[in-house]
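No lab work stands behind these numbers, since they all come straight from the coordinates. Being a predicted model, the structure only gives us computed values, none of them experimental. Reconstructed Cβ throughout: ideal geometry from the backbone, glycine too, with neighbour counts over all protein chains shown.
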Amino acid sequence: MAHKNEEAIPEVYAAFAKGDLETVLGLCDDGIVFHVPGRTSFSGVHTKADFGAWIGEVMRICDGTFQEEIVDVLVSDDRVLVVLDHHFQKNGKPEQYFASHLWTVKDGRFSEFRELPDDQDEFTAA
């Protein structure tokens, strides 16, 4: 039996892959903050209100080819760690990086997101 906090993970990533941001954000608390490290045009702290603009910038940079493959999921009562392989095309060239997403769960909803790249320089370059 899956942990209760693990159940929403396939749904949130499947919705994201289809561009269904309404479903993604529907699983999040209204006060969620998204932390994206680095020195990129989309790095920083984002809110639910600017999620679409932030993700739109990611998709623009990779001409809509951005994909995430779940490698592993670790859960506890208030956190979910999702290990991912990211791949996409940028300027017609294949790119790839590995990162983890740390989700904080409060009252059954995602309340915080942190992107944790395996290699910060590789993440920033990609």
Can you name the number of the only condition in (1) of a type in the set (Ser, Thr, Tyr); (2) in contact (Cβ under 8 Å) with a residue 40 or more places away in the chain; (3) under 23 Å from VAL45 (Cα atoms) that TYR97 fails? (2)
If you take the residues of segment 51-104 that are in contact with a Leu (Cβ under 7 Å, 6 or more places away or on another chain) and of a type in the set (D, E, K, R), which of them is surrounded by the most Cβ atoms within 10 Å (Cβ to Cβ)? GLU68
I need the full set of residues from segment 41-89 which are in contact with a strand residue (DSSP E or B) (Cβ under 8 Å, 6 or more places away or on another chain), polar (S, T, N, Q) and over 22 Å from ALA125 (Cβ atoms), in order please. THR47
Is it the case, given these coordinates, that VAL24 is within 24 Å of ALA126 (Cβ to Cβ), surrounded by fewer than 14 Cβ atoms within 10 Å (Cβ to Cβ), touching a residue at least 12 places away in the same chain (Cβ under 8 Å) and of a type in the set (A, V, I, L, M, F, W, C)? no
